[in-house]
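Encoded as structure tokens, the structure appears first; notes follow it.
Please treat every number below as a calculation from the coordinates, not as lab data. Quantities reported herein were computed from a predicted structural model and do not represent experimental measurements. Counting neighbours? That spans all protein chains shown, and the Cβs are built from the backbone with ideal geometry, glycine included.
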Amino acid sequence: MDHRRDDAHGLGEGVDRRLLTALHECGTEHPRVAAVARALSWSGEHGALWLAAGLTGAAVDRERRAAWLRATALTTTAHLASMGVKRIVRRPRPAHLVPLARTAGRHSFPSSHASSSAAAAVAFGALGAHVATPVAAAMCLSRLVVGVHYPSDVAAGAALGALTARLGARWIGGGHA
């Protein structure tokens, strides 16, 4: 492992890299951990898991169908916002380890999986689907285990997603955000 001091590319870059390496080793040393992380990563591609969950909520909870659809729209908005930030920042994915999963793009910051997951945890949680929070946390962690994001990518994505959903919270309930 490279133990150089953090360099001018950003405070904590060495810590970011070491933490990612340690979490990635969990996947390389434990096949079941890797399998779960790959499955979560695959299901979260383009926010698919959260889109399916939101549409299922809308289909099952007919009384709050519109609220579920607005919550799903906020989750999708968070995902799209993260993709826009990626195009601006253009941080490359970690190159110091072999990823355990494929990615849809080359850029790492912020994690779109984390953005849509945190948005879903906030938005769906507001509708009583509290299971979204631990699933969102597992989704975020999976991106580190498979080695395709630095912890700072995941933290930034989660912050962006949570903020997006929080800003639209009144809209979910039918008010104006």
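Modelled label-to-label distance, VAL89 and ARG102, 7 Å Cα→beta-carbon offset: nm?
A separation of 2.5 nm, rounded to one decimal place.
With an 8 Å Cα cut-off and a minimum separation of 6 or more residues, compute the relative contact order for the chain in percent.
Working: 304 pairs, mean separation 48.6, N = 177.
Dividing the mean separation by the residue count of the chain yields 27 percent.
When you count, for each residue, the other Cβ atoms within 10 Å and take the mean per peptide, how do 15-22, 73-80 rank with the highest first? Spell out each step's value before the answer.
Values: 15-22: 16.8, 73-80: 23.4.
Top to bottom by mean Cβ count within 10 Å: 73-80, 15-22.
Dividing the alpha-carbon Rg of the chain by 2.2 N^0.38 Å yields what? The partial results should precede the final answer.
Values: Rg = 16.7 Å, N = 177, 2.2 N^0.38 = 15.7 Å.
Normalised by 2.2 N^0.38 Å, the Cα Rg of the chain equals 1.06.
For the chain, with only Lys/Arg (+1) and Asp/Glu (-1) charged at the beta-carbon, what is the dipole magnitude about the Cα centre, in debye rounded to 20? It would help to have the intermediate numbers written out before the result.
On the way: 20 positive and 11 negative charges, 86 e Å.
Once rounded to the nearest 20, the dipole reads 420 debye.
Length gain on complete extension for the stretch ALA39 to ALA138, per 0.36 nm per residue less the alpha carbon to alpha carbon distance? Don't skip to the end; give the middle numbers.
On the way: separation 99, 0.36 × 99 = 35.64 nm, distance 1.09 nm.
Gain on extension, ALA39 to ALA138, equals 34.6 nm.
For the range 36-126, what class follows from the C-alpha gyration tensor (a ≥ b ≥ c being the square roots of its eigenvalues): rounded when a/c is under 1.5, otherwise prolate if a/b is larger than b/c, else oblate?
Working: a/c = 3.32, a/b = 1.90, b/c = 1.75.
Note, shape of the range 36-126 comes out prolate.
For the chain, modelled as a GNM with alpha-carbon contacts under 10 angstrom, which of GLY84, GLY54, GLY147 fluctuates the most?
Per the Cα network of the chain with a 10 Å cutoff, GLY84 tops the list.
Please give the helix 31-43 orientation as an angle from the longest Cα principal axis of the chain, in degrees from 0 to 90, rounded to the nearest 10.
50
With viscosity set to 0.692 mPa s and temperature to 37 °C, compute the Stokes-Einstein D of the range 75-177, Rh being the Kirkwood radius across alpha carbon pairs; µm²/s, no decimals.
Here the translational diffusion coefficient equals 241 µm²/s.
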